[in-house]
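Trainee: Please see the structure below; I have some questions.
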Amino acid sequence: GESVGLHLPTLSVQEGDNSIINCAYSNSASDYFIWYKQESGKGPQFIIDIRSNMDKRQGQRVTVLLNKTVKHLSLQIAATQPGDSAVYFCAESPTGNQFYFGTGTSLTVIP
Amino acid sequence: KAGVTQTPRYLIKTRGQQVTLSCSPISGHRSVSWYQQTPGQGLQFLFEYFSETQRNKGNFPGRFSGRQFSNSRSEMNVSTLELGDSALYLCATAWTGGYSSYNEQFFGPGTRLTVL
């Protein structure tokens, strides 16, 4: 299968600080990327997506950056809140219907 | 509107048995994908169904199969269970599946399968 990996398995940030979660992907044919958030006992929840024809996309308090040259994806969360504590996954897709996920980064927000 | 529902939520089986898991999509969603989630492997794609047809398939053995009904509900079946099949099985549904966030996948809470 595809190889989507995360640089850091855990990340701790102070409440109010910005968080950056990184992801490396391996398939240069992937042209659609999604970040998901998974809280304990729940299924993953869509946060933001980006197509390969873009290098940046912003949502509410979140920004996704895509660097196709080095096959790197990042998620930036502004003013991190305790409710942001969760596991974050990046996913890549070459088809739009079949996704390959990384193993996840656990984000802990310290009040 | 109601979210994605999966039944049962928890299941305990023994090696060699078979199991059937069910996923009911959000009303109007026709694409249903199944994933296996384990601590070491993360989420791995099993297969995706659209309009009762398997449209995409991941790299899992033939013991894993699925189907979709005319009302878009989907089932997945695992035969001859192995210890390594213990995992959280998630389904995700979308309008049609595709590139737009309009077709974003909504995940269910999952079925926790334990194989003894």
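Derivation of every value follows stated rules applied to the coordinates shown; laboratory data play no part. The structure displayed is predicted, hence computed values, not measured ones. Heads up, the Cβs are rebuilt from the backbone with ideal geometry, glycines too, and the neighbour counts pull from every protein chain shown.
Trainee: Please express the shape of chain B as an equivalent ellipsoid: the semi-axes are the square roots of 5 times the eigenvalues of the C-alpha gyration tensor, given largest first in whole angstrom.
Mentor: 23, 14, 13
Trainee: If you average the sequence gap of Cα pairs under 8 Å that are 6 or more apart and divide by the length of chain A, what percent do you get for the contact order? Walk me through the numbers before you get to the answer.
Mentor: Values: 281 pairs, mean separation 42.4, N = 111.
RCO, chain A: 38 percent.
Trainee: Taking 45 Å as R0, compute the FRET efficiency from the Cβ-Cβ separation of A:T95 and A:S12 and round it to 0.05. Before the final figure, lay out each step's value.
Mentor: Numbers: r = 36 Å, r/R0 = 0.79.
Given R0 = 45 Å and the Cβ-Cβ separation, E is 0.80.
Trainee: For the protein assembly as shown, with equal point scatterers placed on the C-alpha atoms only and solvent neglected, what are the log10 I(q)/I(0) values from the Debye formula at q = 0.16 1/Å, to two decimals?
Mentor: For the protein assembly as shown, the Cα-only Debye profile gives -1.11.
Trainee: Per residue of B:43-53, count partner chain C-beta atoms within 10 Å of its C-beta, then hand back the mean as an integer.
Mentor: Details: counts 13, 5, 9, 0, 1, 4, 0, 1, 0, 0, 0.
Per-residue shielding by partner chains comes out at 3.
Trainee: Relative contact order for chain B using alpha-carbon pairs under 8 Å, separation at least 6, rounded to a whole percent? If you can, show how the numbers build up before the last one.
Mentor: On the way: 298 pairs, mean separation 40.7, N = 116.
So the answer I get is 35 percent.
Trainee: Rounded to two decimals, what ratio of Rg to Rh does the stretch A:4-110 give with C-alpha atoms and a Kirkwood Rh?
Mentor: Working: Rg = 12.9 Å, Rh = 13.7 Å.
Radius of gyration over Kirkwood radius for the stretch A:4-110 works out to 0.95.
Trainee: Check cross-link reach from B:K13 to the aspartates and glutamates: straight Cα distance under 20 Å, and skip same-chain residues fewer than eight apart.
Mentor: Answer for B:K13, where 20 Å is the Cα cut-off: B:E75, B:E82, B:D85, listed by chain and number.
Trainee: Let me ask something else about it. Testing the spin-label approximation: label points 7 Å from Cα along Cα→Cβ at B:T7 and A:I20. State their distance in nm.
Mentor: 4.8
Trainee: Add +1 for every Lys or Arg and -1 for every Asp or Glu among the other residues with Cβ under 10 Å from the Cβ of B:P109, and state the total. Can you show the working numbers first?
Mentor: Values: positive: A:K42, B:R9, B:R112; negative: none.
Its environment carries a net charge of +3.
Trainee: If you don't mind, there's one more thing I want to ask. At a Cα cut-off below 12 Å, give the aspartates and glutamates reachable from A:K71, other chains included and same-chain residues fewer than 8 away excluded.
Mentor: A:D31, A:D55, A:E92
Trainee: How much FRET efficiency would the formula 1/(1 + (r/R0)^6) give for A:N27 and B:R63, where r is the Cβ-Cβ distance and R0 is 25 Å, rounded to 0.05?
Mentor: Result of the calculation: an efficiency of 0.45.
Trainee: Moving on to the next point. Ignore the peptide's own chain and count Cβ atoms of other chains within 10 Å of each Cβ in A:49-58; give me the average, rounded. Intermediate results must be reported in sequence, preceding the final value.
Mentor: Numbers: counts 5, 1, 3, 1, 0, 0, 0, 0, 1, 0.
Per residue, the number of nearby Cβ atoms from other chains is 1 on average.
Trainee: So for the protein assembly as shown, taking the charge dipole from beta-carbon charges (+1 Lys/Arg, -1 Asp/Glu), which of A:S74, A:A91, B:Q54 sits furthest toward the positive end?
Mentor: Selected residue: B:Q54.
Trainee: Can you return the aspartates and glutamates within cross-link range of A:K37? Criterion is Cα-Cα under 14 Å, with same-chain partners fewer than 8 residues away left out.
Mentor: A:D49, A:D84, B:E104
Trainee: Something else now. Using only atoms on other chains, find how many Cβ atoms lie within 10 Å of each Cβ of peptide B:33-42 and report the average.
Mentor: Numbers: counts 3, 0, 5, 0, 7, 1, 2, 1, 3, 11.
Other-chain Cβ atoms within 10 Å of each residue's Cβ, averaged: 3.
Trainee: What's the ranking of A:47-53, B:12-18 by average number of surrounding C-beta atoms within 10 Å, highest first? Could the numbers behind the result be given before it?
Mentor: On the way: A:47-53: 17.0, B:12-18: 11.9.
With the highest mean Cβ count within 10 Å placed first, the list reads A:47-53, B:12-18.
Trainee: Under a point-charge model restricted to the Cβ atoms of Lys and Arg (+1) and Asp and Glu (-1), what is the dipole moment magnitude of chain A relative to its Cα centre, in debye to the nearest 20? If you can, show how the numbers build up before the last one.
Mentor: Values: 8 positive and 9 negative charges, 35 e Å.
The dipole of chain A has a size of about 160 debye.
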